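Only the coordinates and a few stated rules stand behind these numbers; no lab work does. What you are looking at is a predicted structure, and each value in this text was computed from that prediction instead of being measured. So basically every Cβ, Gly included, is an ideal-geometry build from the backbone, and we count neighbours across all protein chains shown.
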Amino acid sequence: MSDQPSDTRIEKARRGDARAFEALLAEHAERVYAHVARILGAGPEAEDVVQDACISAWRSIGSFEGTSFRAWLFRIATNRAIDVVRARRRRGELPLEPDEAAEETWAEPVAGGPQLEDLAADREAMRHVEAALARLPAEQRAVVVLRDVEGFDYDEIARITATELGTVKSRIHRGRLAVRNALLAQGWRGPSG
Amino acid sequence: MEHVRADLSAYLDGALAPARRSEVDAHLGTCPSCRGSLAELRSTARLIGALPAAVPSRNLVPSLAPRMNWLRPLRSFSAVAAGMFVLAFMASATLDTGFRMGGGGAPTSAAGGAAAQPASAPRSEFAGPPPAAGSPGPQLPEAQRALQATASPKAAGEVATDSAASPQREVGVAGAPGTQDALDAPDPLRLGPSPWFWLALAVLSALLALFTHRRLRAR
């Protein structure tokens, strides 16, 4: 791993220094893969998408003008992953994109169940979180992960996913709500007040 | 009272406009239901953030730098050369040992003559300075030469002629021409350089192959 600051390596990469670019990729590749794996599922296809994204990023490094290389790389990878999802939908492997205008529903918690905030150490509970996240539509899942896992802010997520800010807000909210409802359906409840 | 649940995620993430944030703040102060919903969303977001990340099964960073394509053939060549040099070393050592054990390249004409010669004795030890032209060389006593003659009938016939006709003969083991031939025998033939030369080349080639292999792996 290079000791050079990221800005220095970006400048070198823009001038054609492949090694500097490889060093940048090495810093982010695993996180990008974790994100793509959330969208497509872990496996060789997700790995291929990430590698393709890395090569595509190298080819277009000259056009990189933003300040966040990480967000730029995530954008390329997320777009490729969503393209794969859409291809799967066209082939009938996935359900069509849900109506995002549908009214949100808040499931009622079960009285007396364990609280959500206590579940992080519960492997069984985390498997339910994983499953609930996997059931989200890919676009919702992508923005929820970009926010709650990768920590991007809403504006960055809007640029990464090439969507409007209002769409990002709506998808994040609906995605969290769906996971919340799924956990409550398992008998867990939220913290009081 | 209008609940603010639809804005709770954005409120949680600090993504509301200041005016709207103030309104939600005010509402949360008076609505336990929305406060509960906010807490649930906060817990849900934390749980999602705590999920383990998938790990790739291979290195996903492509090699973008131009490769040193000459390293691979050099590694192959070095490895093959090392093997060949090892074989050359073994062959050279075998031949060298065989010649040494066989007593050199000059065949002996009589068994007695050969037996009279220590096989490994360097011939030069018996070769003194050539006697001056015309002067007879020093000779063994007659009794000793007669003794050698009885051991080698053929040599016996030449003992007398040796002393007279070959002043240039070497001293010490006069007698059978076979022994003289052996004395005159050249050093054992060696096919090319010493075996150690081939071994040194083998080691150098192996080291080169190892070095190039490590360079390729590092890339």
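See the values below:
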{"quantity": "Where labels lie 7 Å past Cα in the beta-carbon direction, separation of A:Arg91 and B:Ser33 in nm", "calculated": "4.6 nm"}
{"quantity": "Average partner coverage of A:45-54, which counts Cβ from other chains inside 10 Å", "calculated": "3"}
{"quantity": "Residue order, fewest to most surrounding Cβ atoms within 10 angstrom, among A:Thr67, A:Thr8, A:Thr78", "calculated": "A:Thr67, A:Thr8, A:Thr78"}
{"quantity": "Charge dipole of the stretch A:6-90 about the Cα centre (unit charges at C-beta), most positive-ward option of A:Val49, A:Ser6, A:Ala81", "calculated": "A:Ala81"}
{"quantity": "Rounded to whole Hz, the Karplus (6.51, -1.76, 1.60) HN-Hα couplings of the stretch A:134-141, x for glycine and proline", "calculated": "5, 7, 5, x, 4, 5, 5, 4"}
{"quantity": "Inter-label distance, nm, simple model (7 Å from Cα along the C-beta direction), B:Asp25/A:Asp48", "calculated": "5.2 nm"}
{"quantity": "Cβ crowding within 10 Å averaged over residues, with A:9-20, B:31-42, A:121-132 ranked highest first", "calculated": "B:31-42, A:9-20, A:121-132"}
{"quantity": "Most to least packed among B:19-30, A:158-169 [average Cβ atoms within 10 Å]", "calculated": "A:158-169, B:19-30"}
{"quantity": "Global form of the stretch B:5-49, assessed from the alpha-carbon gyration tensor, a/c cut-off 1.5", "calculated": "oblate"}
